[in-house]
Amino acid sequence: MRAEAWAHGRVALLAAVLLSTGCVTLAPRRGGSIEEGPNALCAQPASSYAERAEPPGWPDFTSSDSEALLAPFLTCTSPAEYVALQERVDMPRLVRALTDWDAVRLGSLGPVREDAAGLLNRKRLSFLLHATDTYGVAPAEVFVRFLLDSAYDDELRELLFWLARDKRLDTTLGRMPRARAELEARGLKLSARPDRDFQPGDLLRGAGRAVTDLLTHEQEKNAWYTHYSQQRGQLPPSYQEDLHEVEREGARQHYSAGNVVLGSVDHLTFGVPLGFYYLVAGTGHGLHSLTRGEYEQAVRELTPLALLATVYVGGKGVRPLHEARRGGVALQGGLETLRARAGALAEKTRELQARLGAGVEGPRELARYIQARREAGRFVAVGGMDAALVLYEARGDVARARPLMSRARPGATGSPLPGTLASLVDEGVGHTWEVVEAKLAAVELEATGPRLPTDTRVLKQHRPALDTPPPEARGNPRWREYVDYYEERLGEVERGKASKGPLKWEGYERLRGWFARGLDFERDMVKLLREDAAKPRAERRFLGDFDKPRVETQVGVSKRGSGLRYADVLVIEEGELGGRPRRVETFSFKSRDLSGLDRKALRAQMIEDASEALQKYGEKLDIRRDSLQRLFGTAGEVRVSRVRLIYEGGALKPMRIDNLDAFVTATEKAVPGVEVLFQ
């Protein structure tokens, strides 16, 4: 009986999660019927947001009814509609008029307009301090987690700064283990911004709080409990469950060491249960679970990714479960309803993954880009799928994404749709069309993904058609590119000029995702090196051995027996030589996932990469660019003083290795002439 009750509880919880997403229409529209399939997703056009009518007389700033001021925002069905509503109201005045708790609720719905964001954050701070002092640390932690989960990283940094400046960090968040763990999972460690030193006023402040507690009348305490009960009912269901656990079993048992690292339920982030722990720690086999009929596991893993697609990139909207119930929708329909909802979520997940072109990692990275900055959340909320794609291509840099966005809309000219090969062209860093093609060709030949044989009969039998892509490639801008690639390789096979058959679609798509990421890393490093070259010599990080460094990108170089290759960066001394040879260094950038390697595999991989960099870009090179050859006079080959092998860090950095410096030193010793760095 206990197992059966547990199973029914899980089904109910999953049904709650699915119905609360709003991804499938939950109630009949006016004059219409219930829509059940994937076509009901993302049905509301953005143009309708500006036409939405507000209640008569709203906002009434003469009234003290904070709930009435907030109410129209709670009925918004998507971040885009929420952002559009803000454009028609005096947001600073409205935020000032809200209670601290209602301001927290407003912030949970999406990005607040820039001119009101600072006021909102101040009210978040005020609520955090009030809840901790009034409700007790354990119950307050649930409310604080909701506040933290629904704020952007840049807003949280400001909150942590204010708390530390007021010497309240340790007495609030410092006593909340799960909230602290969630902050650390987002790269926000409390130890990075400790409380300021003690001041005499701190003693008086603490004594004042104690006196206030003693003198508080029972009537005021009852009012506090009334507020607490009301606020508890306004939390999303998952937080209400956590609060119930705190009240029932006590904070010590609920926040034991085994429960701190990963929560058991998703969190409401930006008004959407994105569940960022699952985005970071999930295994990514939700789609496979769904196809086998394991709907419970599938929904648990798919919901964070699918909601990101259906809501932030143009979805129909999300409301908490209690809002749906208020509209007359009950948790009925059983597993068939779950199957329809889960299938719709999975379809949108596949579409987003296909458009991003990086499998399950793409949505995870996009989610972090959105979560990192309020500006990014607003950018995607307004721009939908196009904005999400360009933000992903710009690696979360909104300033870089904006000009791409203006050219990515239908009918626009200029830069092509992100994801295509043409979108990788950036002549400012030397990524011309010819260079991009040449680099991709070299990477493709070295790819280890599954291939078709060099058998024309088999290749023609499996020939891809442009108008009939497989389900996993639908909507992917790279499908046309793959068809062209396949046809070109087939022609090479027929002419006897191909040593390998074409990659299968899955392998090609994976290759292209990493190729695009590698070019992005190159672009960032080129910018960094150019900035470094412009600094005084003593302040440089990379180019301190040069007097007047000249940074050149994608320089054609050749070595005997290796053919023409393009060095990512070539740095040449343009200053006075004083009789010395002209100094030349080459840089090779690697976006390689080393995170899961053990010690033996990591050592072997780093030595292999260093040896390859030395073989291709070290020792003696014949520089083939005419504008550079004149610097070396009649010299045919030039000696390279040093090769720099720079790995992309972050999530790609080795995670199982404590002393990474030892591996760097061992690699440099094994391959003299190569310096290894992690960026």
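Here, each number is a calculation from the coordinates, and none is a lab measurement. This one's a predicted model, so the numbers in the text were calculated from it and none came from an experiment. So basically every Cβ, Gly included, is an ideal-geometry build from the backbone, and we count neighbours across all protein chains shown.
In square nanometres and to one decimal, what's the mean projected area of the convex hull around the Cα atoms of the stretch 139-192?
Numbers: hull surface 13.2 nm².
The directionally averaged projection comes out at 3.3 nm².
So what are the ³J(HN,Hα) numbers for the stretch 673-679, from phi and the Karplus equation (6.51, -1.76, 1.60; θ = phi - 60°), rounded to whole Hz, Gly and Pro as x?
x, 10, 9, 10, 9, 10, 9
Could you give each residue of the stretch 422-439 its phi-based ³J(HN,Hα) in whole Hz, using Karplus coefficients 6.51, -1.76, 1.60 with θ = phi - 60°, and x for Gly or Pro?
Result, rounded to whole Hz: 5, 5, 7, 5, 8, 5, x, 10, x, 7, 6, 4, 5, 5, 4, 4, 5, 5.
If amide H atoms are built 1.01 Å from N in the plane of the peptide, which residues on other chains or at least 5 residues away come under 5 Å of the amide H of residue 451?
Amide H to amide H, under 5 Å and 5 or more residues apart or across chains, residue 451 pairs with 504.
Once you have the Kirkwood Rh of the stretch 527-679 from its Cα pairs, apply Stokes-Einstein at 4 °C and 1.567 mPa s and quote D in µm²/s.
Stokes-Einstein gives a translational diffusion coefficient of 79 µm²/s.
Whole-Hz ³J(HN,Hα) for each residue in the stretch 110-126, computed from phi via Karplus 6.51 cos²θ - 1.76 cosθ + 1.60 with θ = phi - 60°, x for glycine and proline: what do you get?
x, x, 8, 3, 4, 6, 10, 5, x, 5, 4, 5, 4, 6, 4, 4, 4
Sort 606-613, 498-505 by the packing proxy (mean of other Cβ within 10 Å over each peptide's residues), most packed first.
So the order, starting with the most tightly packed, is 606-613, 498-505.
For a test of the definition: using alpha carbon positions, the gyration tensor, and the 1.5 limit on a/c, classify the stretch 433-513 as rounded, prolate or oblate.
oblate
Could you order the peptides 450-461, 167-178 from most to least packed, using the average number of other C-beta atoms within 10 Å per residue? Let's see the in-between values first.
On the way: 450-461: 13.2, 167-178: 18.9.
Descending mean neighbour count gives 167-178, 450-461.
For the pairs 167/535; 527/620; 559/600; 504/590, note any where the Cα-Cα span goes beyond 28 Å.
As for pairs spanning more than 28 Å Cα to Cα, those are 167/535; 559/600.
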